[in-house]
Amino acid sequence: METERTSIERFRQLKKEIRGSQEYLIVGIDVAKDKHHAFLGTATGKTLLRRLIFENNKAGFEKLRTQVEAIKVQHALSKVVFGLEPTGNYHKPIGMYLIKWGFNVVLVAGSAVKNNRVLLDGRWDKHDTKCAANVADLISQGKCLYYESPSATISDLRDLLSLRKRLKKEEHSLKMRIRNGLIAKHFPELDRYYNRCESENLAIVRWCLDPKTIVNMEFNRFFQIVTSRERGTAQRRRLFAIWNMAWNSIGCVTHEACEFEAKLLVEKLKQVRDFILETQQLIETVSRRVPEYRCLLTIPGFGPYVSSRVIATISNPYRFESQNQVLKMAGYDLSADRSGKNSDKAVPVISKKGNGDLRYALYQAALVASTKDCDIILYYTNMLRGRERERGIKTKMRVKLAAKLLVIAWTLMKKKESFNPDYLNIE
């Protein structure tokens, strides 16, 4: 933690003194898959090496380090800063290599690179040499971001959350393929019951996709095939209605290919759900290694997933100097287009420029907390008081509550304390 705090302070000092400095050698790197392009210059705009191409391997990285050290000595420069534009995962090996050797490494935002490109020479064309110079130019202006090198635990947690997100997308895709590709074509009447009891509906798709198959069997036999256990009268009534609908179904005739696809999709969906469960269990196991995890679990609405998401995103709470920076990181900062005659009437809204996954998780936490926890219900009610009839006010206030919960989570991570309702009244 202390090492990371030191690197954060060094970054803040860099941003303060880089503009117009005579001490810094700035290395802008355009990251690629096989070969990287580097531009070496100073903060005053002087070009020292216009193009240096090096391969994405150890020999290439050593070539870069040797060349940078030589130019640093030749021009009597005392400090070096490397800048990278985050490109997929390709920038991570070179970034970690440079950090391991003790160099200052910063990031430049992709949107800043795009907007600054035309300012270099008044042209819109894009090529690797110009992109590297563009990165260096942004760093010389102090328009760069902190390059975070998280601990192994945080890195594992982020990878697992990313994996969970991809698996959830795959799960949704399979559900839509079953519903829109199979049920809508072969047994459309089943669609109205699709969200009632999904396990039974999947069994119908797997074994009885063709309504004629259902028609040719007694109800009790149909009931045994599609259920794993009897849940009561409501279950029997629902399945009896489905069995009756099969007699007058307008669905298309199924063939061997359709039945094979149904079998494949249902089994794959179950497999993906098993993977999601395993991933979530591992996420919780890794999260318990972080002391702040137990503190976050005490916040109303914060379950294992939301707490893990907050920890993975914030990582080190001390890298934020104020709550405004935390809100900006999540995209909860307010912004408005104030220009022209109507500038005074502009209504600020959240920017949504930050971490969308974190915003979604926090809104779900706010939704649960505002209906389950007495202290949060009282706080939420007071937020609504006097504005109850405004359109969409409940959603707006839940977004505001989600932002409040994020600030509280950040505070608890710093203090390593459990939730206290008094935090709700602190501005």
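The numbers here are math on the coordinates, done by the rules we state, and not lab data. Being a predicted model, the structure only gives us computed values, none of them experimental. Neighbour counts run over all protein chains shown; Cβ positions are idealised from the backbone, glycine included.
Condition first: touching a Pro at 6+ places or on another chain (Cβ under 9 Å), under 19 Å from residue 150 (Cβ atoms) and part of a helix (DSSP H, G or I). Can you find one or more residues in the range 235-246 that meet it? Give the derivation first.
Quick first cut of the range 235-246, residues touching a Pro at 6+ places or on another chain (Cβ under 9 Å) only: 245-246.
So of that shortlist, the ones also under 19 Å from residue 150 (Cβ atoms) come out as none.
There is no residue in the range 235-246 that is touching a Pro at 6+ places or on another chain (Cβ under 9 Å), under 19 Å from residue 150 (Cβ atoms) and part of a helix (DSSP H, G or I).
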Practice item. Taking residue 254 as meeting all but one of (1) out of contact with any Ser or Thr (no Cβ under 6 Å at 6 or more places or on another chain); (2) surrounded by 13 or more Cβ atoms within 10 Å (Cβ to Cβ); (3) in a helix (DSSP H, G or I), write down the number of the exception. Key: (3)
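Being touching a residue at least 60 places away in the same chain (Cβ under 8 Å), β-branched (Val, Ile, Thr) and under 27 Å from residue 420 (Cβ atoms) narrows it down to one residue among 306, 326; which is it? Spell out the reasoning first.
Numbers: 306 fails: touching a residue at least 60 places away in the same chain (Cβ under 8 Å).
Testing whether each residue is touching a residue at least 60 places away in the same chain (Cβ under 8 Å), β-branched (Val, Ile, Thr) and under 27 Å from residue 420 (Cβ atoms) leaves just 326.
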Check your understanding: Mind checking which residues of the range 154-207 are within 20 Å of residue 264 (Cα to Cα) and aromatic (Phe, Trp, Tyr)?
Key -> 187, 194, 207
Point to revise | Matching residues in the range 303-322 - criterion: being within 25 Å of residue 349 (Cβ to Cβ) and under 20 Å from the mean Cα position of the chain (by Cα) | key: 306, 309, 310, 313, 314, 320
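Condition check ((1) part of a helix (DSSP H, G or I); (2) touching a helix residue (DSSP H, G or I) at 6+ places or on another chain (Cβ under 9 Å); (3) free of Cβ contacts under 8 Å to residues at least 60 places away in the same chain) across all residues:
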site: 337; (1), (2), (3): no, yes, yes
site: 347; (1), (2), (3): no, no, yes
site: 364; (1), (2), (3): yes, yes, no
site: 376; (1), (2), (3): yes, yes, no
site: 390; (1), (2), (3): no, yes, yes
site: 410; (1), (2), (3): yes, yes, no
site: 419; (1), (2), (3): no, yes, no
site: 427; (1), (2), (3): no, no, yes
Study note, to complete from the structure: Restricted to the range 271-292 and to residues being assigned to a helix (DSSP H, G or I) and without any contact (Cβ under 8 Å) to a residue 12 or more places away in the chain, the residue farthest from residue 306 (Cα to Cα) is 271
Study note, to complete from the structure: Of the residues in the range 349-362, those that are closer than 19 Å to residue 405 by Cβ and either assigned to a loop (DSSP other than H, G, I, E, B) or of a type in the set (Ser, Thr, Tyr) (or both) come to 351, 352, 354, 355, 360
Review point. If the Cβ limit is 6 Å and pairs must be 6+ apart or interchain, which residue in the range 152-165 that is in contact (Cβ under 8 Å) with a residue 12 or more places away in the chain pairs with which residue that is small (Gly, Ala, Ser)?
Key: 154/315; 157/312; 158/312; 161/312
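Sort through 283, 276, 350, 311 and tell me the only one that's buried (at least 20 other Cβ atoms within 10 Å of the Cβ) and farther than 20 Å from residue 411 by Cα.
On the way: 276 fails: buried (at least 20 other Cβ atoms within 10 Å of the Cβ); 350 fails: buried (at least 20 other Cβ atoms within 10 Å of the Cβ); 311 fails: farther than 20 Å from residue 411 by Cα.
283 is the lone residue from the list that is buried (at least 20 other Cβ atoms within 10 Å of the Cβ) and farther than 20 Å from residue 411 by Cα.
Evaluate the range 36-48: report whether one residue or more is among the charged types (D, E, K, R), in contact with an Asp or Glu (Cβ under 6 Å, 6 or more places away or on another chain) and surrounded by fewer than 19 Cβ atoms within 10 Å (Cβ to Cβ). So that I can check it myself, show each step before the final result.
Looking only at the range 36-48, we keep the residues that are among the charged types (D, E, K, R), and these are 46.
Remaining after also requiring in contact with an Asp or Glu (Cβ under 6 Å, 6 or more places away or on another chain): none.
No, the range 36-48 contains no residue that is among the charged types (D, E, K, R), in contact with an Asp or Glu (Cβ under 6 Å, 6 or more places away or on another chain) and surrounded by fewer than 19 Cβ atoms within 10 Å (Cβ to Cβ).
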Study note, to complete from the structure: Going through (1) surrounded by 12 or more Cβ atoms within 10 Å (Cβ to Cβ); (2) assigned to a helix (DSSP H, G or I); (3) in contact (Cβ under 8 Å) with a residue 24 or more places away in the chain one by one, residue 299 fails only at (2)
Practice item. Kindly check whether there is at least one residue in the range 128-149 that is exposed (fewer than 14 other Cβ atoms within 10 Å of the Cβ) and either without any contact (Cβ under 8 Å) to a residue 60 or more places away in the chain or in contact with a helix residue (DSSP H, G or I) (Cβ under 7 Å, 6 or more places away or on another chain) (or both). Key: no
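Might you let me know whether the range 222-230 holds any residue that is out of contact with any strand residue (DSSP E or B) (no Cβ under 7 Å at 6 or more places or on another chain), closer than 30 Å to residue 282 by Cβ and either among the polar types (S, T, N, Q) or exposed (fewer than 12 other Cβ atoms within 10 Å of the Cβ) (or both)?
First, the residues of the range 222-230 that are out of contact with any strand residue (DSSP E or B) (no Cβ under 7 Å at 6 or more places or on another chain): 222-230.
Those left that are additionally closer than 30 Å to residue 282 by Cβ: 228-229.
Checking which are either among the polar types (S, T, N, Q) or exposed (fewer than 12 other Cβ atoms within 10 Å of the Cβ) (or both) leaves us with 228-229.
Looking for residues that are out of contact with any strand residue (DSSP E or B) (no Cβ under 7 Å at 6 or more places or on another chain), closer than 30 Å to residue 282 by Cβ and either among the polar types (S, T, N, Q) or exposed (fewer than 12 other Cβ atoms within 10 Å of the Cβ) (or both), one finds at least one in the range 222-230, hence yes.
Being aliphatic (A, V, I, L, M), under 20 Å from residue 248 (Cβ atoms) and in a helix (DSSP H, G or I) narrows it down to one of 182, 174, so name that one. Talk me through it step by step, then tell me what you get.
Numbers: 174 fails: under 20 Å from residue 248 (Cβ atoms).
Among 182, 174, only 182 is aliphatic (A, V, I, L, M), under 20 Å from residue 248 (Cβ atoms) and in a helix (DSSP H, G or I).
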Point to revise | Residue in the range 14-56 that is nearest to residue 104 (Cα to Cα), counting only those that are without any contact (Cβ under 8 Å) to a residue 40 or more places away in the chain and within 29 Å of the chain's Cα centre (by Cα) | key: 56
